[in-house]
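This report refers to the structure that appears directly beneath it.
The values are calculated or read from the model by the stated rules, or taken from the named source; none is laboratory data. Here the structure is a predicted model, which means the values were calculated and not measured. Glycine gets a Cβ as well: all are built from the backbone with ideal geometry, and neighbour counts include every protein chain shown.
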Amino acid sequence: MNTYEALVIFPPQGPADLLQAGKNPFEETVKKFEGKILNRVDLGKRVLGYRVRKSSEGHFACFNFELAPAQMDAFRSSLNLIEDILKYTIVKLVKNPKAELFRPAKPSPAQAAPTAQRK
């Protein structure tokens, strides 16, 4: 199981009640694909930078969840069919980002050789 983070934009008409009850379409879809919701943060209603499906504002929510990598394509396809989700983005969370991003550079053989100094 991989850990993912999703930012989901719901229509502004009433998902606040759904988010508090835990019965929103995103969570139901995660459970349908045998995933597990780890964390949910309600970010509230915000104005969008451009219209999405004829809406100029949306209700934002951030989810951390676990899902099997083999089911990710089917999961995304299922999210695309849900009308109560205006837009979403999903990123895979890396367990130790410093280990992968900040590897120390290995010195090249030319740099490792001693240099002659002038006197």
Residues (out of contact with any Ser or Thr (no Cβ under 8 Å at 6 or more places or on another chain), under 16 Å from Asn80 (Cα atoms) and part of a loop (DSSP other than H, G, I, E, B)) located in the stretch 28-54: Arg53
Qualifying positions in the stretch 68-106 - part of a helix (DSSP H, G or I) and at pLDDT below 90: Pro97, Lys98, Ala99, Glu100, Leu101
Residue among Val47, Val52, Val30, Val8 that alone is of a type in the set (A, V, I, L, M), modelled with pLDDT of 90 or more and farther than 27 Å from Lys95 by Cβ: Val47
